[in-house]
Amino acid sequence: METKQFKAESKRLLDMMINSIYTHREIFLRELISNASDAIDKIYYKALTDDSLAFDKDNYYIKVIADKENRTLRLIDTGIGMTKEELENNLGTIAKSGSLAFKSENELKDGYDIIGQFGVGFYSAFMVADVVTVISKALGSDEAYKWESQGAEGYTIVPCEKETVGTEIILKIKDNTEEENYDEYLEEYRLKAIIKKYSDFIRYPIKMDVSKSRLKEGSETEYEDYQVEETINSMVPIWRKNKNELTAEDYENFYAEKRYGFDKPLKHIHISVDGAVRYNAILYIPESMPFDYYSAEYEKGLELYSSGVLIMNKCADLLPDYFSFVKGMVDSEDLSLNISRELLQHDRQLKLIAKNINKKIKSELVSLLKNEREKYEQFYQAFGRQLKYGVYSEFGAHKEELQDLLMFHSSKEKKLVTLDEYVSRMPEDQKYIFYATGGSNERIEKLPQTELVADKGYEILYFTDEIDEFAIRMLMSYKDKEFKSVSSGDLGFEADEKSQDSEAEEQDNKELFEYMKETLAGKVKDVRVSKRLKSHPVCLSTDGEVSIEMEKILNAMPN
Ligand code: ADP
Ligand code: MG
């Protein structure tokens, strides 16, 4: 039997590619710049092993030139260039990556930053261009070649003139249609913004001639336009710098520049990991709650970069819900991306990173609590509720993790205290961790039940947030001490008080109690003599699982 070869319908394939892989047209620039950066990297790696080659970083750059009149966008790089064969193989064959081949040929395993691997990025140029021309001269070659294509129809290669080694790509930008605007890819401000967004941390300068205006010489009123070459990208990402070289201000500036928030960060966390999965991350705990934090619009997540190129704006999988307030970015060279680089292929590495980050945030919060109490309390005022939700959610799966981060107002200290602090100063005879629920500290203080427990000399935690009691019920106990509401039936110290007196009192008032029970039928279970009351005539208490406060909340919830 004869095995026949599949014939790839390049025409269809290209169409599919161009129209279905990418969701944002603007990423064509990210792809072409990544290729240019790869091409420069290749010279750099060659120079490492070839003494006849010197790599002077100043000679390498990428330049972007827009020409509105001719509707062309040009990208020039001083990279390794392509021979005729390479133009043919790498640009003439869809899904052929010369960069991937380079990596394996040169056995680059460690510390490389070459971005290309799928061999499709280049074709994204056809999303914005009718004609793509590539003029290239390879390192070590005297000849230059011009590759040209109108997309689906195929391509041509002819010899041409080019003085310097490297590649120039010329895009003939499409005309606007009724639905689509392509002019924007010729606008200076737009190009600058796209470069900043996706390619800010490419390690070589991306230059553009930008227009400025100045007073004409000799004139005090007349202005003239002129052009200056500017480097658009910041090149060295802050997260690759040494922590010791960076000041608090650098981190604050990055926070503002990235618009992670309009406040200042309360704390930054800079992580560099060189283990099973390599990554750098800069995380922030904001100072105040974003205005939309508890709205449906709020999206948790961290920016995700792959070797300095932005892949995702908000990668939600990197943060658990209870740390959804954390802002920042992660950059890793070890991610397996899917072909559009907009999604991740496998999330094994991502899961590892997420786990790692999670641990780090936790330990940073613990140390903030220990060493910078005031700051921690500020954090807790803003985001404590989220931690309590974390304790409660997923059937308490994270309670162990989060319990030491919780704080509640204390009747004794008149400020926020941790559970550990509470338990460590409990008198010997105190069985439970007491809490009282109510709308505010003042109201809780006035509760008859509070009075009794406080009178005993016991500390009480005030639960003023709806979630508090739910979270605590999930915890059940802390350091083997059970939580007990001051309004529950058994407070653990009544038994020794039950005297002949109250038995007698109960008997004396039997009729009255029966009458009250009848009148309040369906509203109360029992009416009893109480030893809890001091200055109040009556109080309500619960025996069951659900407290009065919880009942109120549950009743208010939509069915
Ligand atoms: P990838 O970057 O994933 O390899 P692309 O479709 O973006 O795929 O590019 C295909 C190949 O074309 C690259 O692997 C590289 O070998 C070559 N190439 C593209 N652009 C350039 C360039 N500016 N300089 C040198 N080679 C290039
Ligand atoms: Mg590429």
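Each reported figure results from applying straightforward, stated rules to the coordinates on display, with no laboratory input. Everything numeric in this text was worked out from a predicted model, so none of it was measured. Cβ atoms come from the backbone with ideal geometry, glycine included; neighbour counts cover every protein chain shown.
Kindly provide the GluC sites (Glu not before Pro) of the range 268-300 that DSSP labels as loop, not H, G, I, E or B, and whose Cβ sees at most 12 other Cβ atoms within 10 Å.
GLU297, GLU299
With an 8 Å cut-off on Cα pairs and a minimum separation of 6 or more residues, tell me the relative contact order of the range 40-127 in percent.
That works out to 23 percent.
So what are the ³J(HN,Hα) numbers for the range 517-529, from phi and the Karplus equation (6.51, -1.76, 1.60; θ = phi - 60°), rounded to whole Hz, Gly and Pro as x?
Per residue, the Karplus-derived 3J(HN,Hα) values read 4, 5, 4, 9, 3, x, 9, 10, 8, 7, 10, 9, 6 Hz.
So what's the angle, to the nearest 10 degrees on a 0 to 90 scale, between helix 348-371 and the longest Cα principal axis of the chain?
Tilt relative to the chain: about 50 degrees.
May I ask for the angle, rounded to the nearest 10°, between helix 373-396 and the longest principal axis of the chain, with both axes built from Cα atoms and the value confined to 0 to 90°?
So the inclination is approximately 80 degrees.
With r defined as the distance between the Cβ atoms of LEU48 and GLU297 and R0 fixed at 51 Å, what FRET efficiency is calculated, to the nearest 0.05?
Efficiency, rounded to the nearest 0.05: 0.55.
Bin by bin, in steps of 20 Å, what percent of the Cα pairs in the chain do you find, going until the bin that has the longest distance?
Each 20 Å bin holds this share of Cα pairs: 17, 36, 24, 16, 7, 1.
Applying the Karplus parametrisation 6.51 cos²θ - 1.76 cosθ + 1.60 with θ = phi - 60° to the phi angles of the range 148-161, what ³J(HN,Hα) value in whole Hz is obtained for each residue in order, glycine and proline being reported as x?
Residue by residue, the range 148-161 yields 9, 8, 9, x, 3, 6, x, 8, 10, 10, 9, x, 7, 9 Hz.
So what's the range 424-470 giving for Cα Rg divided by 2.2 N^0.38 Å, two decimals?
Its radius of gyration relative to the 2.2 N^0.38 Å reference: 1.16.
I'd like the trypsin sites (Lys or Arg not before Pro) in the range 200-299 restricted to DSSP loop residues with at most 12 other Cβ atoms within 10 Å, sorted by number.
Sparse-neighbourhood loop trypsin sites (Lys or Arg not before Pro): LYS216, ARG259.
Working out 0.36 nm times the residue gap between ASP526 and SER104, then minus their Cα-Cα distance, what length gain in nm do you get to one decimal?
Using 0.36 nm per residue and subtracting the Cα-Cα distance, I get 143.9 nm.
When DSSP assigns beta bridges and you keep just the ones with both residues in the chain, what percent turn out antiparallel, to the nearest 5?
Bridges in the chain are about 80 percent antiparallel.
What does the helix-only formula give at 222 nm for the chain: each DSSP H stretch with n ≥ 4 adding -39500 (n - 2.57), the total divided by the residues, and the result rounded to the nearest 500 deg cm²/dmol?
So the calculated ellipticity at 222 nm is -9500 deg cm²/dmol.
Take the Cβ-Cβ distance between ARG373 and LYS431 as r, set R0 to 22 Å, and report the resulting FRET efficiency rounded to the nearest 0.05.
With R0 = 22 Å, the Cβ-Cβ based efficiency is 0.15.
For the range 73-146, run through the GluC sites (Glu not before Pro) and keep only the ones in DSSP coil with at most 15 other Cβ atoms within 10 Å of their Cβ.
Sites meeting the loop and neighbour criteria: GLU107, GLU143.
Which value, in debye to the nearest 20, describes the size of the charge dipole of the chain about its Cα centre when Lys and Arg Cβ atoms bear +1, Asp and Glu Cβ atoms bear -1, and nothing else is charged?
In debye, rounded to 20, the chain gives about 620.
State the antiparallel share, in %, of DSSP beta bridges confined to the range 267-420, rounding to the nearest 5.
So the antiparallel bridges amount to about 85 percent of the total.
Relative to the longest principal axis of the chain, what angle (0 to 90°, nearest 10) does the C-alpha long axis of helix 188-199 take?
The helix 188-199 is inclined about 60 degrees to the chain.
Could you work out the relative contact order of the chain, using alpha carbon pairs under 8 angstrom and six or more residues apart, expressed as a whole percent?
So the answer I get is 8 percent.
A 25 angstrom limit on the alpha carbon distance is what I want to check against. Which of LYS327/LYS388; LYS355/LYS415; LYS46/LYS192; LYS172/LYS196; LYS415/LYS456; LYS370/LYS481 exceed it?
Over 25 Å apart, Cα to Cα: LYS355/LYS415; LYS46/LYS192.
Express the relative contact order of the range 353-443 as a whole percentage, based on alpha carbon pairs under 8 Å and six or more residues apart in sequence.
Averaging sequence separation for qualifying contacts and normalising by length gives 16 percent for the range 353-443.
Convex hull volume of the Cα atoms in the range 365-443, per residue, in Å³?
Dividing the Cα hull volume of the range 365-443 by its residue count gives 124 Å³.
Around GLY384, what is the net charge, scoring Lys/Arg as +1 and Asp/Glu as -1 over all other residues with Cβ under 11 Å from its Cβ?
Spelling it out: positives minus negatives among the neighbours equals -1.
Using the Karplus curve 6.51 cos²θ - 1.76 cosθ + 1.60 with θ = phi - 60°, work out ³J(HN,Hα) for each residue of the range 88-104 in order, rounded to whole Hz, and write x for Gly and Pro.
Karplus values, whole Hz, x for Gly and Pro: 5, 6, 7, 9, x, 10, 5, 6, 10, 10, x, 5, 5, 4, 4, 4, 6.
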